[in-house]
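Read the figures in this text as sums done on the coordinates, not as results from a lab. Keep in mind that this is a model prediction, so the values were computed, not measured. Neighbour counts are summed over all protein chains in view; Cβ atoms, including those assigned to glycine, are modelled from backbone coordinates with ideal geometry.
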Amino acid sequence: MSIDPRRIRERMVRDQIEARGIRDEEVLRVMRKVPRHLFVDEALQSQAYADHPLPIGHGQTISQPYIVAMMTSILKVSPGMKVLEIGTGSGYQAAILAEMGAEVYTVERIRTLYQSARQRFSKLKYFRVKTKLDDGTMGWPEHAPYERILVTAGGPDVPETLVEQLSDPGIMVIPVGEGRRFQQLLRLTKERGNVNREKMGSVAFVDLIGKFGW
Ligand code: SAH
């Protein structure tokens with residue numbers, strides 16, 4: 001018996017993402033397209049489309065599909081935008097952003113994850129995703145400013161370095177604080193020199209480690 005991953009992705013989008021109220025057609029399209037099962041270890045491929053995060057090694061996880069879709073939709077990405085992601089992990093979220101047409105810069109601090117994500121990007125032909133092995137709480141100053149910044153690990157506060165590297169106007173989505181296990185997902189909107197913070201709901205990400213992390 002062979003299983004068609006496209007059919008499984010259609011179900012995933014219908015039952016986990018549309019069912020929870022995400023209507024952004026572009027987000028739904030890319031969630032149907034990106035082969036999530038190729039971003040996890042072979043032994044976990046049969047669970048790749050399940051409604052929860054999965055381990056990717058080193059105590060890290062690939063986020064639940066719904067969380068990826070929700071963050072991508074809050075970020076409001078348009079083609080051609082420069083987007084900085086902190087926490088490459090498996091590379092899945094970066095691939096989703098690349099499919100949205102973004103020019104993606106992604107930073108990871110764990111070497112083996114960085115290396116396997118790079119291999120996936122080249123195998124799946126995401127040649128335009130730029131990767132860096134470093135402490136992402138410092139951002140990636142050489143290419144700043146970024147119209148969008150997405151942080152996919154939870155720290156104690158918003159690193160000021162990232163606020164500085166955000167364009168005006170610009171949007172940053174970042175899980176922050178409330179102790180180490182749970183965070184509030186924040187949307188920071190920079191406009192005419194002001195930064196507005198809104199709480200978007202409670203989430204549970206792995207730790208953001210680094211100079212301006214835990
Ligand atoms: N976006 C990822 C989710 C990975 S989990 C995906 O789609 O799979 C969060 C990742 O953030 C982990 O890989 C962790 O190592 C990384 N991370 C934590 N602190 C970091 C930092 N300061 N700089 C860069 N990466 C960091």
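Listing for the model above:
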read-out: Inter-label distance for R20 and E142, nm, one decimal - labels placed 7 Å from Cα along Cα-to-Cβ; value: 3.6 nm
read-out: Label-point separation in nm, H52 to E10, each point 7 Å along Cα→Cβ; value: 2.7 nm
read-out: For peptides 62-74, 127-139, sequence by mean Cβ density within 10 Å, most packed first; value: 62-74, 127-139
read-out: Residue-count net charge about P79 - beta-carbon cut-off 11 Å; Lys, Arg +1, Asp, Glu -1; value: -3
read-out: Considering only the chain, percent of DSSP beta bridges that pair antiparallel, nearest 5; value: 50 percent
read-out: Calculated FRET value between D134 and E164, using beta carbons and R₀ = 22 Å, to 0.05; value: 0.85
read-out: FRET E, pair Q119, N196, Förster distance 35 Å, beta-carbon r, rounded to 0.05; value: 0.35
read-out: Ellipsoid equivalent to the range 52-203 - semi-axes via the Cα gyration tensor, in Å; value: 22, 18, 14
read-out: Environment charge of L54, counting only residues whose C-beta is closer than 14 Å and scoring Lys/Arg +1, Asp/Glu -1; value: -2
read-out: Label-to-label distance, nm, for residues given as S78 and D41 (7 Å Cα→Cβ offset); value: 4.3 nm
read-out: Low-density loop cleavage sites - trypsin sites (Lys or Arg not before Pro) in the range 17-56, where at most 10 other Cβ are within 10 Å (DSSP); value: R23
